[in-house]
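The structure appears below as structure tokens.
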Amino acid sequence: MIPFVDLKAQYTGIKDEVNAAILNVLETCQFTLGTEVAAFEDEFASYCQAQYGIGVNTGTSALHLALLAAGIGANDEVITVPFTFVATVAAIYYTGAKPVFVDIDPRTFTIDVKAIESAITDKTKAIIPVHLYGQPADMDPILEIAKRHGLVVIEDAAQAHGAEYKGRRVGSIGDMGCFSFYPGKNLGAYGEGGMVVTNNAEYTRTIRMLRDWGAEQKYQHVLKGYNYRLEGIQGAVLRVKLRHLDAWTEARRTVAASYNELLADSDVQTPEAMPYSRHVYHIYAIRTQQRSEWQQALQAKGIQTGIHYPIPVHLLSAYADLGYTQGDFPHSEQAADEVLSLPMFPELSREQCEEVSEAVMILANQQFVELI
Ligand SMILES: *Cc1c(COP(=O)(O)O)cnc(C)c1O
């Protein structure tokens, strides 16, 4: 069986280091925030080439607090894509602001920069580009548009730890960058976690207060805050894992290169990495119009796949109140119908890549024969 992800394989490789780090937190009893979290904030911020890092309990909370720090609330509009994980949009709702969608560029699965300006109104306050699957959105045009219209840029980098745009690490390119440390992400906690990184001291101050009940000092609540603190055990685990992240990213890129090479002589539509990006392959998604047949056939051969994501957010029943309908964002809708994520994790072997690619190519050839 080839799993879609294998968290156990990764743990096996770092077991002694991680166990020692967790035991140390148990000894020091710094269960929430504390020195391990503070050290991880510094280390991860500098990994992202940013000055400040604020650890929070989830990636969703990171987005929520970044939006609040930017002063976004009721009557404001925030531009993002409908082809993303639902959390991007939920975080906008939490602030009382309205999400306004812009379609994706079908080659990259990230925001179509040519479509942004027509979505801007006098209520627009921010843009959230999503670095989906680990590939950075085309940031330069986004920053230029944001500057011209006075908008804040918040990167949703939940799938893109260590990805680079024109040589710069994501997260520190816009005004703020939001990361998730959900276990399955490229850098995953043993539980939940998230972080905002930024070069802005004022945003940092506000987010530090908001994550811990809006308190300036204990019991001095100057803002209406939240309980969004990052746990000590997660900080300690993430510090250990950060030391391995570059090696794991290289391994993901090797897996992607193997798939690209093995599928090159077929009609299979493989993901495209733009010349401006260093893609970190959180997800390796191919496209097919026979997706459910392919997924079933691969499952029958013991190959697990995923779909990220089958319904674009504008067509989810929870967000029907936004008033969008089928046909509004054709590239997002087509991607949602066609994408199929192949097994992708750092420990995936060359032999396993060959097995997956062979099975995919048989399906592609069958489809070709049926067509003629
Ligand atoms: C995972 C994810 C989030 C949310 O992160 P959580 O830690 O699960 O709250 C937000 N945006 C995207 C694109 C994600 O993949």
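The values are calculated or read from the model by the stated rules, or taken from the named source; none is laboratory data. Quick caveat: nothing in here was measured; it's all calculated off a predicted structure. Every residue, glycine as well, gets a Cβ built from its backbone with ideal geometry; the counts of neighbours run over all protein chains shown.
State the number of residues belonging to segment 278-303 that are within 16 Å of the ligand (Cβ to nearest atom) and not in a loop (DSSP other than H, G, I, E, B).
2
Determine whether segment 355-368 contains at least one residue that is surrounded by fewer than 19 Cβ atoms within 10 Å (Cβ to Cβ) and either assigned by TED's automatic domain parsing to the domain that holds Thr12 or aromatic (Phe, Trp, Tyr) (or both).
yes
When only residues in segment 77-104 that are touching a strand residue (DSSP E or B) at 6+ places or on another chain (Cβ under 7 Å) and among the charged types (D, E, K, R) count, which is farthest from Met139 (Cα to Cα)?
Among those residues, the one meeting the criterion is Lys98.
Right, Ala20: in the same structural domain as Val170 (by TED's automatic domain parsing) and surrounded by fewer than 14 Cβ atoms within 10 Å (Cβ to Cβ) or not?
Judged against the criteria, Ala20 is a match.
Quick check on segment 84-125: of everything there that is of a type in the set (Gly, Ala, Ser) and within 15 Å of the ligand (Cβ to nearest atom), which residue is surrounded by the most Cβ atoms within 10 Å (Cβ to Cβ)?
Per the criteria, the residue is Ala91.
What helices (runs of 4 or more DSSP H), lying completely within segment 1-88, carry at least 2 residues that are under 18 Å from Gly171 (Cα atoms)? Talk me through it step by step, then tell me what you get.
Values: elements: 7-28, 35-47, 59-69.
Qualifying helices (runs of 4 or more DSSP H): 35-47, 59-69.
Any idea which residue in segment 126-165 is farthest from the ligand (Cβ to nearest atom), counting only those that are on the phi > 0 side of the Ramachandran plot and surrounded by 19 or more Cβ atoms within 10 Å (Cβ to Cβ)? First the steps, then the outcome.
Looking only at segment 126-165, we keep the residues that are on the phi > 0 side of the Ramachandran plot, and these are 133-134, 150, 162.
Among the residues that remain, those that are also surrounded by 19 or more Cβ atoms within 10 Å (Cβ to Cβ) are: 133-134, 162.
Working: Tyr133: 9, Gly134: 10, Gly162: 15 Å.
Result: Gly162.
Here are some residues: Val240, Val280. Which one is hydrophobic (A, V, I, L, M, F, W, C), surrounded by 22 or more Cβ atoms within 10 Å (Cβ to Cβ) and under 22 Å from the mean Cα position of the chain (by Cα)?
After ruling out the rest, the residue left standing is Val280.
Any idea which residue in segment 261-273 is surrounded by the fewest Cβ atoms within 10 Å (Cβ to Cβ), counting only those that are assigned to a loop (DSSP other than H, G, I, E, B) and more than 20 Å from the chain's Cα centre (by Cα)?
Of everything passing the filter in segment 261-273, Asp265 is surrounded by the fewest Cβ atoms within 10 Å (Cβ to Cβ).
Within the bounds of segment 208-227, is there any residue that is within 16 Å of the ligand (Cβ to nearest atom), charged (D, E, K, R) and at negative phi?
Checking segment 208-227: at least one residue is within 16 Å of the ligand (Cβ to nearest atom), charged (D, E, K, R) and at negative phi.
Could you pull out the residue among Glu43, Glu77, Glu27 that is of a type in the set (D, E, K, R), in contact with a helix residue (DSSP H, G or I) (Cβ under 7 Å, 6 or more places away or on another chain) and not assigned by TED's automatic domain parsing to the domain that holds Leu348?
Exactly one of Glu43, Glu77, Glu27 is of a type in the set (D, E, K, R), in contact with a helix residue (DSSP H, G or I) (Cβ under 7 Å, 6 or more places away or on another chain) and not assigned by TED's automatic domain parsing to the domain that holds Leu348, namely Glu43.
Scan segment 181-189 and tell me whether some residue there is touching a helix residue (DSSP H, G or I) at 6+ places or on another chain (Cβ under 9 Å), under 28 Å from Glu77 (Cβ atoms) and away from the ligand (no atom under 16 Å from the Cβ).
Checked segment 181-189: no residue is touching a helix residue (DSSP H, G or I) at 6+ places or on another chain (Cβ under 9 Å), under 28 Å from Glu77 (Cβ atoms) and away from the ligand (no atom under 16 Å from the Cβ).
Out of segment 115-135, which residues are within 21 Å of Tyr309 (Cα to Cα) and assigned to a helix (DSSP H, G or I)?
Answer for segment 115-135, where residues must be within 21 Å of Tyr309 (Cα to Cα) and assigned to a helix (DSSP H, G or I): Leu132, Tyr133, Gly134.
Restricting attention to segment 213-229, which residues are part of a strand (DSSP E or B) and in contact with a His (Cβ under 7 Å, 6 or more places away or on another chain)?
Across segment 213-229, the qualifying residue is only Ala215.
Please tell me if Ser258 is out of contact with any strand residue (DSSP E or B) (no Cβ under 6 Å at 6 or more places or on another chain), under 30 Å from Glu354 (Cβ atoms), assigned to a helix (DSSP H, G or I) and not assigned by TED's automatic domain parsing to the domain that holds Met139.
yes
Considering only residues that are within 10 Å of the ligand (Cβ to nearest atom) and on the phi > 0 side of the Ramachandran plot, which ones fall in segment 51-83?
none
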